[in-house]
Structures are given as structure tokens and as C-alpha cells.
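In what follows, a single structure is set out as C-alpha cells and then discussed.
The values are calculated or read from the model by the stated rules, or taken from the named source; none is laboratory data. What you see is a predicted model; the values in this text were computed from it and never measured. Reconstructed Cβ throughout: ideal geometry from the backbone, glycine too, with neighbour counts over all protein chains shown.
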Amino acid sequence: MKKTLLDKDQEQLINAFSKYQDNEVHDLMGSVSHDIKNPLGIIELSLGLLEDKVEKLLEGEDEKVQAKIQNFFNNIGVGLERCQEILDAALDIKRNDIEASPGAIEDLKFFCDQYYIFSKPKLKRKKINFENTIVEGTCLNTIPQEFAKLFIETINFCTYNVDAPEGAMLELSFDSKLIFKLTPKNESTLDIVKPENDLYEVFSYRLEKLKEKLGAEIEMTKEGQDIIVSLALKS
């Protein structure tokens, strides 16, 4: 007898739809990335050629003028590099054609800066500013691809579960575990809430699955006017 979606239980349905969505996103990212990377490469090459020609034309010009124009080229180069980093990060967390395997994150600060951007829309809606205070060069042994997903969803956990009427500052630090400290703005108050809607239920299910993969624990407490969320991995 042929089985259909109607024969599946709740967990099987969620897994089936999640897998389907992941495949669709993977295909979408794969098809788009080529058409984004090509123009970025062409712009970078053209910029280099233009810079060489302009450099010759500027021979004998005032040093301040040369510095300003060189700074202009440098800024464009930085922008192109940042675009490439964001694209690569998006591809990394959406790929489903590689087996997630243990590895070392050599610079946790840089790693978190790469991936927090995927929570920017939720942070913006709650008027929450993000500050990464992790010490440069901090190393973490984990499964990088799965940790990136869990890190993003932990920030989302902060935004979903906090009521910040006038906004807040979210400060990230690390001391054997990631610490997310939410401080209210304008001497207002922060409260811990738990939304009751279908979207939050789906989010919670996905978060639990990510935590299981890494043996992670998330705790949320209120300390004075601040709210602290900690993300600890199984040692």
C-alpha cells in the first residue's frame, strides 16, 4: 500500500517538510551563487585594471589627491570582499550536500560576526543592537556548520523570548560558553516572554533538533534589569 503524507505522524511531517525546504533552499542558493560570484569576480578584475591605469595617470599629482583616490579603490575592494564573505557564509549554512563533521573554529569572534547577520531582520524588528566582545583568536572545537545554525537560532531565541519596549543592546561574550547579555535602552525594562503561536512552535522544534546534534544547552535568566542567555556545548 502506498504511503502518503496523511499517513505520517507529526514528527515525520515536520522532518519531511524540513528536508524538502532544505533541498529547495540548497538548489536556490546553488543556482543564484554562480550568477552572483561571476559579476563580483568581473568587478574585482576590472577594478584592478582601472586602478593600474589611474595610478599611472596620478604620477606627479599631489600626495593628498593620490591618497584619497587610493582610499576610494580600497573601500570598493573591502566592499567586494565583504559581499563574498556573506555569500560564502550563506552557502555554508544552506548546503546539504556535505556531511557535517567535527572541526575547529580558529577565530570565534570572526565566525560569529559572519553569521549574526542572518538574524539582523529579527534584531531590527525588536530594536536590538548587537555587539561582539569575544576576544580575537578564541578557538572552539565543534561541528562548524551545525554550530553556525545553532548560533543563529540562539540569537533568534533571544529576540523571540524578550519583550523590549524601547529596544536593547545584545552583547556577546565567551567564557567556556557563549553569553548573550541583553541590556535595556533608555532605562526601560526587559521581560522574559514565551510567544504562543504556530511560528514559535516550529522554531522551538527546530531549535531542539539543533541542540541535540551538538549536545547543547540554552539557559535564560534575569539578573536585575538584564537578561542573560547562555549557550553551552557538551564538552
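Worth a mention:
- Filter result (out of contact with any Cys (no Cβ under 6 Å at 6 or more places or on another chain), within 19 Å of Ile152 (Cα to Cα), in contact (Cβ under 8 Å) with a residue 12 or more places away in the chain and of a type in the set (A, V, I, L, M)) within segment 193-235: Val202, Leu207, Leu210, Leu214, Ala216, Ile218, Met220, Ile227, Ile228, Leu231, Ala232, Leu233
- Residue match in segment 167-175 (condition: within 21 Å of Leu233 (Cα to Cα) and modelled with pLDDT under 95): yes
- Inside segment 144-172, residues that are among the aliphatic types (A, V, I, L, M) and surrounded by fewer than 19 Cβ atoms within 10 Å (Cβ to Cβ) make up a count of 1.
- Those residues of segment 128-170 which are β-branched (Val, Ile, Thr) and under 17 Å from the mean Cα position of the chain (by Cα), in sequence order: Ile128, Thr133, Ile134, Thr142, Ile143, Ile152, Thr154, Ile155, Thr159
- Condition met for Lys194 (touching a helix residue (DSSP H, G or I) at 6+ places or on another chain (Cβ under 9 Å), part of a helix (DSSP H, G or I) and closer than 30 Å to Lys19 by Cα): no
- Of all the criteria given as (1) in contact with a strand residue (DSSP E or B) (Cβ under 7 Å, 6 or more places away or on another chain); (2) under 29 Å from Asn141 (Cα atoms); (3) surrounded by 12 or more Cβ atoms within 10 Å (Cβ to Cβ), the one not satisfied by Ile192 is (2).
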